[in-house]
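Undergrad: Just dropping this structure here.
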Amino acid sequence: MNTHTQAVADRRIRSVSRFLVHVVAALVLVAVAIPVRAHDGSMPQSFADLVEKLAPAVVDIHTITSQGERNGGQGPYQGDVPPKDQPFSEWFKNFQDRFIPNDPDSRPTYALGSGFIIDGDGHVVTNHHVIVNAGKIKVRLHDGTVFDATVKGSDEKTDVAVLKIEPGDSELQAVEFGDSDTVRVGDWVLAIGNPFNLSGTVTAGIVSARGRDIHQGSYDDFIQTDASINTGNSGGPLFNLDGKVVGINTAIFTRSGGSVGIGFAVPSRLAMTVIDDLREDGVVKRGWLGVHIQTVTPIIAESVGLEEAMGALVANVREDSPAEGGGLKVGDVILEFGGKPVGTMRSFPLMVARTPAGTVVDVVVWRDGGKQTLKVRVGELADVAQTAQTAQTDGPVTVRLDEIGLTVVDLDAMMQKKWQIDADASGVLVLEVHPDGPAAEQGIRPGDVIELAGGEKVTGARQLEDVVADTAGDPGKSAVLLAIRRNDNLIFIAIGLKRE
């Protein structure tokens, strides 16, 4: 091969080599890019298509409450009107000055909220606090059409209400409920509503937490979201990315009157059963057992022989209640209800409330160091006065219990009168709490009445002394569980044992 031919060949080889280098580099870039492409659960490029589909089902709620319909002169806003230093406060002031009489005693209260249509018949869901005491309710659709609405039913306990409008020839667009139990922390959600009368406002965020207890009632189980929720969003829907309602926006945490990224929604699984009852009967039917319950703390769990703190501790059983008929006793720890574990005390009222009256359920309790299964027929919730328990007492005997740091006395008529204790109360009276003893650390007070100890009913000071001594003599136990009556409430407290 001559020199010219060799040079040409070398140039071709170098050219092919450079081409192959570029190809390999491109393949490497593709290989690196593939794993970081957006997956199905990532944030969508736009919510526009979803909003276009859902917005017509979301409505504005306007209520008018006259002075005579208010409770204590307070309208349904109950603090929803923004403070003077907040956005839109001037808008509200101008609205009142223009349309509402100057006499505050004759001035009606105007309030606003949100809601959503759930069927073509005109049923609309909103919050109880949006429409409570309202004299007139107006529902405005997405297209501006306004209807008068009536209250089909309203439930204060869950803050859910169902309204009814008569659509006539209007074709209503409704939305469906999703399963809030499948919602995960971190999932994307959309809120659509009427904040500050800005109809059709859409905000997006994620589920920040589940099962929140904001101390509003026995059935607190809120979804927390950072989707912006403000005054007027109450009653509006919280949507998942499938376009289904997983919550009803109901409350915000704020010090300013505006959103700080902490909002709460009633989960759909809880709301759906309430809505069905309200739509059909106008009232909510809830299951009822007739027990007062208490949290199982680690020390209480240890004192009764449970390996972990779980379940609901029965603190009181009402007379003639389904619980009494089913064999539940004070001191039982309810571990399962209807085949489902009771993880915490707070989850138990919801489990019972969701169970239809008349249903016979298996209730697994921890009693006397082992599991027992009871069959209990669930009743229907009603306001039943708490019934005091009665028992006979012996003559007055005073005993000093150094193991737990208490001095107690039999509860006789004289002690009941002196300490202003109900005549039907039974057990022993705490006379003295030793300052350096275990009972003082747990907050026991003079005047407390000890009704149960170690799962046994306390009949006198001597009997309590025996129970404490037996517990102290058991090397496997480090505390004794007491049931104490204080101000008509029965509370369980585990007292660590002081051994020499």
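Undergrad: Using a 1.4 angstrom probe, figure out how much accessible area region 194-233 has per residue, in square angstrom, rounded to the nearest whole. It would help to have the intermediate numbers written out before the result.
TA: Numbers: 1550 Å² over 40 residues.
Ligands and nucleic acids excluded, the figure is 39 Å² per residue.
Undergrad: Given the protein chains as shown and a 1.4 Å probe, how many square angstrom of THR273 are accessible, to the nearest 10?
TA: We get 60 Å² for THR273.
Undergrad: On to the next question. Which value, in Å², gives the accessible area per residue of region 235-386 when a 1.4 Å probe is used on the protein heavy atoms? Spell out each step's value before the answer.
TA: Numbers: 6690 Å² over 152 residues.
Value for region 235-386: 44 Å² per residue.
Undergrad: How much net charge surrounds VAL363 when only other residues with a Cβ under 12 Å from its Cβ are counted (Lys, Arg +1; Asp, Glu -1)? Present the calculation step by step, with values, prior to reporting the outcome.
TA: Details: positive: LYS329, LYS340, ARG367, LYS371, LYS375, ARG377; negative: ASP332, GLU336, ASP362.
Within the 12 Å Cβ shell, the charges total +3.
Undergrad: Can you give me the long-range amide H partners of GLU336? Hydrogens built in the peptide plane at 1.01 Å from N, cutoff under 5 Å, separation of 5 or more residues or another chain.
TA: Close amide H contacts, sequence-distant or interchain: VAL342, VAL364.
Undergrad: Turning to a different aspect of this structure: Among LYS418/LYS457; LYS136/LYS157; LYS136/LYS244; LYS329/LYS417; LYS340/LYS477; LYS457/LYS477, which pairs are too far apart, with a Cα-Cα distance over 26 Å? Kindly include the intermediate steps, with their values, before the conclusion.
TA: Working: LYS418/LYS457 23 Å; LYS136/LYS157 23 Å; LYS136/LYS244 29 Å; LYS329/LYS417 29 Å; LYS340/LYS477 29 Å; LYS457/LYS477 19 Å.
Result: LYS136/LYS244; LYS329/LYS417; LYS340/LYS477 exceed 26 Å.
Undergrad: Using each residue's phi in region 343-351, evaluate 6.51 cos²θ - 1.76 cosθ + 1.60 at θ = phi - 60° and report the 3J(HN,Hα) Karplus result to the nearest Hz, with x for Gly and Pro.
TA: Using θ = phi - 60°, the values come out as x, 9, 4, 5, 6, 5, x, 5, 4 Hz.
Undergrad: Still on this model: Counting heavy atoms of the protein chains only and a 1.4 Å probe, report the per residue accessible area for region 409-500 as a whole number of Å². Mind dumping the intermediate values first?
TA: Values: 4500 Å² over 92 residues.
With the other protein chains kept in place, region 409-500 gives 49 Å² per residue.
Undergrad: Round to a whole number: what % of the accessible area of region 406-500 belongs to carbon and sulfur, probe 1.4 Å?
TA: Numbers: 2130 of 4520 Å².
Percent of accessible area from carbon and sulfur atoms in region 406-500: 47.
The values are calculated or read from the model by the stated rules, or taken from the named source; none is laboratory data. Small disclaimer: the values here were computed from a predicted structure and weren't measured. Positions of Cβ are generated from backbone atoms using ideal geometry, with glycine treated the same way; all protein chains shown enter the neighbour counts. The accessibility values were calculated without ligands, DNA or RNA, using every heavy atom of the protein model including side chains. Shrake-Rupley method; radii C 1.70, N 1.55, O 1.52, S 1.80 Å.
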